[in-house]
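What follows is one structure encoded as structure tokens, with my remarks underneath.
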Amino acid sequence: MPPRLPPLPDDQWDDRAREVLSALLPRSMRNAAAAGNAMSTLVRHPDLTAAFLPYSTYLLVGSTLPARLRELVILRIARRRDCAYEWTHHFYAAQQAGLTEAEVEAAGQGKAADPLERAVLDAVDELEEGSDVSDRTWAALAEHLDERQLMDLVFTVGTYALMAMAFNTFGIRPEHDARERAERRRARDH
């Protein structure tokens, strides 16, 4: 099935489309070929993208939540929401954050050996199911995370759930070179 909102073709990109991606992408990647399917679709609505990208970029690269925990959250959301785009991109990003392939697959199933990681995955499931975290899970998280990390955790769950919903609805599919893109993005950010 073709996407409901396909990526904006290169010949339709204007200065505004390129400008809104400046919070996330270097100038050389602000085009349809390099930006990828998600960003190339989002620039169809430049005002929304300009408002959303700085916030979502904060969650991805500036959050107080450790990268490993952030990736666990995103993987669990991607699997729960059946979001191929997020799963594919974060499958590789999670490995770069230190998760093994087996840990990535387990996270998709809501499983982890580490107590903190298990509590993080429980929080994702509880937030997805009831828009709240149980006292038990909150206490387990609070043993390891400070207030800001706890807040970043909740906002990461909600934001990636929203993005999975949007990507699924718009029909955004992963690129064939998602691993290569993830590695380039990580190298650029470090």
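Just checking, how many residues over region 110-124 are crowded, with 19+ Cβ neighbours inside 10 Å and part of a loop (DSSP other than H, G, I, E, B)?
Taking region 110-124 first, the residues crowded, with 19+ Cβ neighbours inside 10 Å are 112, 117, 119-124.
With part of a loop (DSSP other than H, G, I, E, B) added as a condition, the list becomes 112.
So the count comes out to 1.
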If the Cβ limit is 8 Å and pairs must be 6+ apart or interchain, which residue in region 161-190 that is charged (D, E, K, R) pairs with which residue that is at pLDDT below 65? Glu175/Arg181
What's the number of the only condition in (1) more than 29 Å from Asn37 (Cα to Cα); (2) touching a Leu at 6+ places or on another chain (Cβ under 6 Å) that Gly108 fails to meet? (1)
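Looking at Leu65, Leu42, Leu53, can you tell me which residue is farther than 24 Å from Pro7 by Cα and surrounded by 17 or more Cβ atoms within 10 Å (Cβ to Cβ)?
Just a single option satisfies the conditions, and that option is Leu65.
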Residues Glu103, Glu143: which one is among the charged types (D, E, K, R) and buried (at least 17 other Cβ atoms within 10 Å of the Cβ)? Glu103
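Okay, residues lined up against (1) outside the structural domain of Val157 (by TED's automatic domain parsing); (2) more than 18 Å from the chain's Cα centre (by Cα); (3) of a type in the set (Phe, Trp, Tyr):
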| site | (1), (2), (3) |
| --- | --- |
| Pro2 | yes, yes, no |
| Leu5 | yes, yes, no |
| Asp14 | yes, yes, no |
| Ser28 | yes, yes, no |
| Gly36 | yes, no, no |
| Leu42 | yes, no, no |
| Leu48 | yes, no, no |
| Glu71 | no, no, no |
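The values are calculated or read from the model by the stated rules, or taken from the named source; none is laboratory data. Remember, it's a predicted structure, so these values are computed and weren't measured experimentally. Every residue, glycine among them, receives a Cβ derived from its backbone with ideal geometry; neighbour counts consider all protein chains shown.
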